[in-house]
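See structure below.
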Amino acid sequence: MSFVLEPTSDQESVIVRIGKALDFRNAAEFKTVCQEKVREGARNFILDFSETGILDSTGLGSIFSLYRQVSPLNGQVVFASVSRPVQVVVQLTRTYKVFRQFPTVEAAQEALT
Amino acid sequence: MDSQLHHFPNLDTVIDQVHALFDAWETEDYLPPTVNVATLYQLKLAVHEWLANLVQHANFEGDTTDVTLKVEPRDDRLFCAIEDNSDGFVLDSHLNIEPEYLDSLPERGMGLLILKICTEELTYERSELGGYNRLHFYVSAEQDPWLGTQF
């Protein structure tokens, strides 16, 4: 698995360490592992982009899919430690209007609890 | 900096190899003073989206794969040309789609639009005689592209 999922003390939140890429090669895997977490009760997803060199259109689509899944459950998807290459995608798609951004994973956790 | 020209004979590894090139350019102060690093990231995204299109949809049947990437600074812009020996695409209908026709929070269909809005003077020449297809464009620090995604 190319993603590392970490539970938090808050049972409803999960940290997803995205790693080097979220793109057409692993977007389906991202959807699968996140859907499984939603089935297990997770509602809030903190996406850690600190190591991420590429977020492409398919990767972004998989995040939109997750957002559509958790929004009706009052869940949230938030971005943390957004790397500069990912910030380029956030800016051109204006997705900061949908996904709150935090400077660190810890700041995101604090905001969600 | 000099013009960069690289050949990639393997579709399975082209994405990782190109990413490694961009990483090197970023860390080796590859860019001239007139081009900022955000422009390099924008170029990386545009190149990635096109290569993703090639990897997922191009037909290289019967041929040895050959993808060529050229990057060259020209004044305050970066010029890029990507050639490949696939059967090519009919792109006009895809590139003429306007963002407002995208679904809200779309899962698919954003790749070529991202390529379109990230670039200037985007041109695709499909080979008619079994030669090389050629996509070429510029990226510029002057741009503040917006996909127009509906939320």
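Only the coordinates and a few stated rules stand behind these numbers; no lab work does. Keep in mind the model is a prediction, meaning the values are calculated, not measured. Note that we place each Cβ from the backbone using ideal geometry, even for glycine, and neighbour counts take in every protein chain shown.
At a glance:
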quantity	calculated
Rg/Rg_ref, segment A:4-112, where Rg_ref = 2.2 N^0.38 Å and atoms are Cα	0.95
14 Å beta-carbon shell around B:Gln42, net charge (K/R +1, D/E -1)	-3
Summed side-chain charge close to A:Val16 - residues other than A:Val16 whose Cβ falls under 10 Å, Lys, Arg +1, Asp, Glu -1	0
Subset of B:Lys70/B:Lys116; A:Lys97/B:Lys44; B:Lys44/B:Lys70; A:Lys20/B:Lys70 violating a 21 Å alpha-carbon distance limit	A:Lys97/B:Lys44; A:Lys20/B:Lys70
Listed residue (A:Tyr96, B:Leu129, A:Val14) projecting farthest to the positive dipole end of the protein assembly as shown, Cβ model	A:Val14
Paramagnetic reach from B:Thr34 in segment B:115-129 [backbone N under 18 Å; point 7 Å along Cα→Cβ]	B:120-121
Lys, Arg +1 and Asp, Glu -1 on Cβ, resulting dipole of chain B about Cα centre, debye, nearest 20	80 debye
Pairwise label distance in nanometres, B:His6 with B:Thr68, each label 7 Å out on the Cα-Cβ vector	1.6 nm
Sparse-neighbourhood loop sites, GluC sites (Glu not before Pro) in segment A:40-113 - DSSP loop, at most 15 other Cβ within 10 angstrom	A:Glu40, A:Glu51
For the protein assembly as shown: span of alpha carbons on each principal axis (Å, largest first)	59, 41, 34
Cα-based Rg / Dmax (Å) for segment B:4-140	15.0, 44
Residue-averaged 222 nm ellipticity for the protein assembly as shown, from DSSP H runs of 4+ at -39500 (n - 2.57), nearest 500	-10500 deg cm²/dmol
The protein assembly as shown, dipole about Cα centre (Lys/Arg Cβ +1, Asp/Glu Cβ -1), debye to the nearest 20	880 debye
Whole-angstrom gap from segment A:42-70 to segment B:55-79, using each part's C-alpha centre	28 Å
